[in-house]
1. Taking region 273-290 as the region of interest, how many residues are in a loop (DSSP other than H, G, I, E, B) and under 16 Å from Thr246 (Cβ atoms)?
2. Tell me which residues, restricted to region 58-74, are part of a loop (DSSP other than H, G, I, E, B) and in contact with a helix residue (DSSP H, G or I) (Cβ under 9 Å, 6 or more places away or on another chain).
3. Select from region 276-290 the residues that are open to solvent by 40 Å² or more (accessible area, probe 1.4 Å) and in contact (Cβ under 8 Å) with a residue 24 or more places away in the chain and write down the one among them that is nearest to the chain's Cα centre (by Cα).
4. Exactly one condition in (1) open to solvent by 30 Å² or more (accessible area, probe 1.4 Å); (2) touching a residue at least 40 places away in the same chain (Cβ under 8 Å) is not met by Val85; state its number.
5. Looking only at residues that are modelled with pLDDT under 90 and in a loop (DSSP other than H, G, I, E, B) in region 232-259, which one is surrounded by the most Cβ atoms within 10 Å (Cβ to Cβ)?
6. Can you pull out the residues in region 75-111 that are assigned to a loop (DSSP other than H, G, I, E, B) and at pLDDT below 90?
Amino acid sequence: MKHCLILLLLELLCTACLFSQDTLLEFIIEKDDSPQVFYKNKGCTPDVGAIVFYTTIPDLQFNMPDTKSRLKNASIFDNEKNCYVLCVQPTDTKIGGITQYSIEITGTKYKPMPAYMVKGIMPGVAQYFKIKTGEDLKAAVDSLKKELEKMRNVNVEMISWIEQKPVSPTTPAASVYYAMNWYMEGLKNRNAGNYSEAIECFKKIAESPSVAVWNEIGICYKSLKQYDDAIDCFQKSNNIDSRGGTAWYNMGLCYGDKNKLSKSIECLKKSAQLGNENAQKLLRDMKKKW
């Protein structure tokens, strides 16, 4: 019970630290493992790769400072789907072409973001990312606070305790901040594509059971195409709490990559039944019911 509470506090602190006074006008980017779809109606021809950024910010500008000629088109904001689509000409890595592209993103009232690195640009393939705003992060904080009170019957004094800085290294909060630092370091490495380094960071806190940590480790293994290790991590996440659909969804994607279609569909159906929208969309595309 104590370990579960500490890790719930960790997840709340991770989100809350991003929503500090200094980051209100910043945005963060996360990989979104959605089904691959080629956006022909956004100016992307079959010989280019598509990069899709889902966001609620309608005035962002995209630039590729290192490879300007490779950005063939950047769509205007799609109000219906809340996204931008970039069409990028890949290079031939077999003859020494670049393997990753830097994308510079700017927007009114938002701090300039350092170039975001994207790998694996391939003809006819779309990659998906989420750009989250300060409002998104505040909503996540509020949601975690409510969930914390509901699941662990935490009173007001406990919630205000987790928002205080540790008094000394020996206080209970010290271990929470230690774990938070490794968690944030893991997220930074994962977002930068340094998946092996991210795994090592997450493993620093994996001794204490956590749905979020095991899921993050699994995502990194999946990105490294180590699907059996990834599935093992998602299963550990489900062993702690199988009521969330994220781990089932990610496990379904791994089984799909292993060409185990029946196992993939089985996991996706469990995820869809738990309300995961990505799983529901993928099953609809496959004409499958859940």
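1. Just the residues of region 273-290 that are in a loop (DSSP other than H, G, I, E, B), to begin with: 274-276, 286-290.
Filter once more, so that each one left must be under 16 Å from Thr246 (Cβ atoms): 274-276, 290.
Count: 4.
2. Met64
3. Among those that are open to solvent by 40 Å² or more (accessible area, probe 1.4 Å) and in contact (Cβ under 8 Å) with a residue 24 or more places away in the chain, it is Asn278.
4. Of everything listed in (1) open to solvent by 30 Å² or more (accessible area, probe 1.4 Å); (2) touching a residue at least 40 places away in the same chain (Cβ under 8 Å), Val85 misses just condition (1).
5. If we take residues in region 232-259 being modelled with pLDDT under 90 and in a loop (DSSP other than H, G, I, E, B), then Gly245 is surrounded by the most Cβ atoms within 10 Å (Cβ to Cβ).
6. Looking only at region 75-111, we keep the residues that are assigned to a loop (DSSP other than H, G, I, E, B), and these are 75-77, 79-82, 89-92, 96-99, 108-109.
Matches in region 75-111: Asn79, Glu80, Lys81, Asn82, Thr91, Asp92, Gly96, Gly97, Ile98, Thr99, Thr108, Lys109.
The values are calculated or read from the model by the stated rules, or taken from the named source; none is laboratory data. From a predicted model like this one, the values you see are computed outputs, not experimental measurements. Reconstructed Cβ throughout: ideal geometry from the backbone, glycine too, with neighbour counts over all protein chains shown. Note: areas computed on protein heavy atoms with side chains; ligands, DNA, RNA excluded. Shrake-Rupley method; radii C 1.70, N 1.55, O 1.52, S 1.80 Å.
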